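Chemist: Please find one structure pasted underneath; my questions will follow.
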Amino acid sequence: MAEEHEDRPSLDAVYSALAARRSQFDNLLWQAPVLSLTAQAFLMTTALGGGVTRYARTVACVLSIVVALLSIQILTRHRQAEVTDAHWLADLERAGNPTLQVHGTEWRKRRNTTSPDAGVFNPFARLPGYFTWAAGMSLFGVASLLTLVIEWVRPDLLQP
């Protein structure tokens, strides 16, 4: 029976692996919007540029809508994984030492009551990061959809 337990990882090893994975998901979570903004800038330049054919503008708008939706989907999945691990880590912390909480809702409460010491930008800390970025990426999709509709209904509005 002792051999069975030797194959099991220790609680410290599990905690370390979860913490590393959670950190990786947090990094991935914020890489998606940055890459999306780069793609969106290129597509919007094409869609709104002068001398662009109807076909090019249509393709750029459709791709921009797709990029916005894909970016929100991957942002959401990375957030889901990061939140899952944060809660799991919080449960492990609570079980091991109820007074030491460095993950989950206890950490979030502590963060939200700490001033970012950012002067006039302090109010931005109150905005929920995920929702703010998802809404911002959605605006690119909406702008592309509007551009697409204008291109097919009133193309003269897009001419210089």
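The values are calculated or read from the model by the stated rules, or taken from the named source; none is laboratory data. All of these numbers come straight from a predicted model, not from anything done at the bench. FYI the Cβ positions are ideal-geometry reconstructions off the backbone, even for glycines, and counts take in every protein chain you see.
Chemist: Which of the numbered conditions does Arg21 fail, given that it passes all the others? Conditions: (1) among the basic types (Lys, Arg); (2) crowded, with 17+ Cβ neighbours inside 10 Å; (3) more than 30 Å from Gln159 (Cβ to Cβ).
Modeler: (2)
Chemist: Here is a further query. Identify all residues within segment 143-157 that are more than 11 Å from Cys61 (Cβ to Cβ) and either touching a residue at least 12 places away in the same chain (Cβ under 8 Å) or among the aromatic types (Phe, Trp, Tyr) (or both); write none if there are none. Break it down stepwise before answering.
Modeler: Start the filter on segment 143-157 by keeping residues that are more than 11 Å from Cys61 (Cβ to Cβ), which leaves 153-157.
Hit for segment 143-157 is Pro155, nothing else.
Chemist: Something else: Among (1) in contact (Cβ under 8 Å) with a residue 12 or more places away in the chain; (2) part of a loop (DSSP other than H, G, I, E, B), there is one condition Ala81 misses while meeting the rest; what is its number?
Modeler: Of (1) in contact (Cβ under 8 Å) with a residue 12 or more places away in the chain; (2) part of a loop (DSSP other than H, G, I, E, B), only one is false for Ala81: (2).
Chemist: Assuming Val34 fulfils every condition listed in (1) in contact with a Leu (Cβ under 9 Å, 6 or more places away or on another chain); (2) assigned to a helix (DSSP H, G or I); (3) free of Cβ contacts under 8 Å to residues at least 12 places away in the same chain apart from one, which condition is it?
Modeler: Here Val34 clears every test but (1).
Chemist: Could you please find all residues in segment 89-113 being under 28 Å from Ala17 (Cβ atoms), under 23 Å from the mean Cα position of the chain (by Cα) and surrounded by fewer than 11 Cβ atoms within 10 Å (Cβ to Cβ)?
Modeler: Passing the criteria: Arg111, Asn112.
Chemist: Determine, yes or no, whether Val52 is at pLDDT 85 or above, in a helix (DSSP H, G or I) and of a type outside the set (S, T, N, Q).
Modeler: On the way: at pLDDT 85 or above: yes; in a helix (DSSP H, G or I): no; of a type outside the set (S, T, N, Q): yes.
Criteria not met by Val52.
Chemist: Six or more apart or on different chains, Cβ atoms under 7 Å: show the pairs whose first residue is in segment 111-124 and at pLDDT 85 or above and whose second is exposed (fewer than 10 other Cβ atoms within 10 Å of the Cβ).
Modeler: Qualifying pairs under 7 Å: Asn122/Ser115.
Chemist: On to the next question. Looking only at residues that are small (Gly, Ala, Ser) and more than 19 Å from the chain's Cα centre (by Cα) in segment 114-147, which one is nearest to Thr46 (Cα to Cα)? Spell out the reasoning first.
Modeler: Filtering segment 114-147 for residues small (Gly, Ala, Ser) gives 115, 118-119, 125, 129, 134-136, 138, 141, 143-144.
Adding the requirement that they be more than 19 Å from the chain's Cα centre (by Cα) leaves 115, 118-119, 143-144.
Numbers: Ser115: 41, Ala118: 36, Gly119: 37, Ala143: 13, Ser144: 11 Å.
Taking the candidates together, the pick is Ser144.
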